[in-house]
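One structure is given here, and the rest of the page talks about it.
None of the figures in this text is laboratory data; all of them are computed from the coordinates on show. It should be emphasised that the depicted structure is a prediction, and the values quoted were computed from it without experimental measurement. In this analysis, Cβ positions are derived from the backbone assuming ideal geometry, glycine residues included, and neighbour counts consider all displayed protein chains.
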Ligand code: FES
Ligand SMILES: [Fe+2]
C-alpha cells in the first residue's frame, strides 16, 4: 500500500470520533491485505496462537498455521512450551503435520533428521556418507530449529513473529493492571481448563478485523443479543480504559450461574461487592478475554484467509475442583450460553464483510458515543501499518 495513502488514512482516524473515517474497504477485501496484515500487524505485536491445554502431554507437538506461516508448538519432557518454525533445516520439509505425542523427537520424514523438543538438531543419519552420522565439515548446531519468540499467559500461547516487539510483560501490563483492580495476579493463576465442555471453535466468513471490531463494542447488544441484553443490558455496559494495545467494554450486571442453589467456585481475592462486574477486553491484535469472578474465557482469532477466520474459545474455571463432575452442569450451561452469544455475532461480521465490497462505503461514519473503541482499534491498525510497512 502506498505510504502517502496510509498516512492519509492514519490522519483521518486521528480526528475526533464524530469526524473520523474508518479503515478503507481494501484492508478487508484486497488480496494483498492478508499478507500485509501478517507482516505488519499480526506478526509485529503479540498474537495468540494456541492454548497450553492443546498440548495435553509432555513430548507433544502441535502444528499451527499462522496466516500461511507454518509453526509448531512443542512441550518438552519437563512440560515447557516453545514455538518454532515448522520446517526442517535440511531441505525445508514441513515437519509436524498433525498434533501428536512423540518419543521426545520430531523426526523429519524425508531423510530422518531428528529434533529434540527444544529445537536442537540431534540425529543426522548418513550425513557424512553411508553409516557416518556426522561429518567434520557439518556443523550440527546450524541446523537447529528456528525458534519464535513466545510467552504463556493464563495458559494462552502468544508469539511475536517479527521478534522485535516490546517485551510481552510490558505489552500486557496495562491490561493486567486493570485486572488487578478486580482480583490478584496470583489468584488468576488458579484458572484451569478441562476438556470438551470447556472449549469450542467457530469459523466465520469475514476478515479477522471485523470480529475484533464487533467484540470491542456493546452498541449491538439490544439488536444482536436480545437474550443477553435482558440480563446484561446496554445501559450497564461501560468502556474499559483504552491502552496502547487494547481496549474493550465491561458489564456491571454479570450474574453467576445458579444451579440448584449451587455456584461455581470463585476467586478468593475478588471482592463480593464487585461480583457482578465482568470485563471484556481485546488484547490487540487477536485475543478476546472475558474475566468473571468464577470463570475466564479467552478467544483467539486464527485468520485462515482474507475472508475467513477461525475463532478458538477456551473457558477456564477456578481450581481443579471446578472441573469435577459436581459442576458439569454449570460448565455446560456457560459453554452453551457463550457459544450462543458468539454465534449470534457471526451474521453481523459476515454481513459487514459483504458490505466491504461496496464502492458506496469508504470507511463509514461513527457514533461519537458508541464507537470510540472501534476507532481506537482502526487507529492502532493504521499505526502498525505506517510504522512497519
Ligand atoms: S528435508 Fe528433512 S531430513 Fe531432509
Ligand atoms: Fe456481540
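Computed quantities for the displayed model
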read-out	value
Förster radius 56 Å - calculated FRET efficiency between residue 336 and residue 139 (Cβ-Cβ, nearest 0.05)	0.50
Share of Cα-Cα pairs in region 48-151 lying beyond 22 Å, as whole percent	27 percent
Peptide ranges 68-79, 250-261, 294-305 listed from the most packed, as the mean C-beta count within 10 angstrom indicates	294-305, 68-79, 250-261
Spherically averaged projected area in nm², based on the convex hull that wraps the Cα atoms of region 243-343	7.9 nm²
Separation between Cα centres of region 237-264 and region 175-190, rounded to whole Å	14 Å
Computed label-point distance, nm, for sites residue 201 and residue 189 using a 7 Å Cα→Cβ extension	3.0 nm
Per-q log10 I(q)/I(0), region 31-107, q = 0.21, 0.27 Å⁻¹ (Debye; single scatterer per alpha-carbon; no solvent)	-0.95, -1.25
Hydrodynamic radius by Kirkwood, which averages 1/r over all alpha carbon pairs of region 175-388, in angstrom	18.1 Å
Among 88, 100, 198, residue whose mean-square fluctuation peaks in a GNM of the chain (springs only between Cα atoms under 10 Å)	100
Degrees separating the helix 3-13 axis from the principal Cα axis of the chain, which is the longest one	30 degrees
Inverse mean reciprocal Cα-Cα distance (Kirkwood Rh) of region 312-389, Å	16.6 Å
On Cα atoms only, tilt of 168-180 relative to the major axis of the chain in degrees	30 degrees
Spatial separation of Cα centroids for region 272-288 and region 42-73, in angstrom	24 Å
Overall dimensions of region 195-246 by Cα: Rg and Dmax, Å	13.9, 35
Relative contact order (%) - criterion: Cα under 8 Å, at least six apart; region: region 175-388	29 percent
Helix axis angle, 372-388 relative to the chain longest principal axis, alpha carbon, degrees	30 degrees
Cα→Cβ-extended label distance, 7 Å offset, between residue 173 and residue 146, nm	3.1 nm
The chain: calculated mean residue ellipticity at 222 nm from DSSP helix runs of at least 4, using -39500 (n - 2.57)	-7500 deg cm²/dmol
Value of D in µm² per second that Stokes-Einstein yields for region 171-286, Kirkwood Rh from Cα pairs, at 10 °C (1.306 mPa s)	98 µm²/s
Kirkwood hydrodynamic radius (C-alpha pairs) into Stokes-Einstein, the chain, 25 °C and 0.890 mPa s, D in µm²/s	109 µm²/s
Percentage relative contact order, region 48-151, counting C-alpha pairs under 8 Å, at least six apart	22 percent
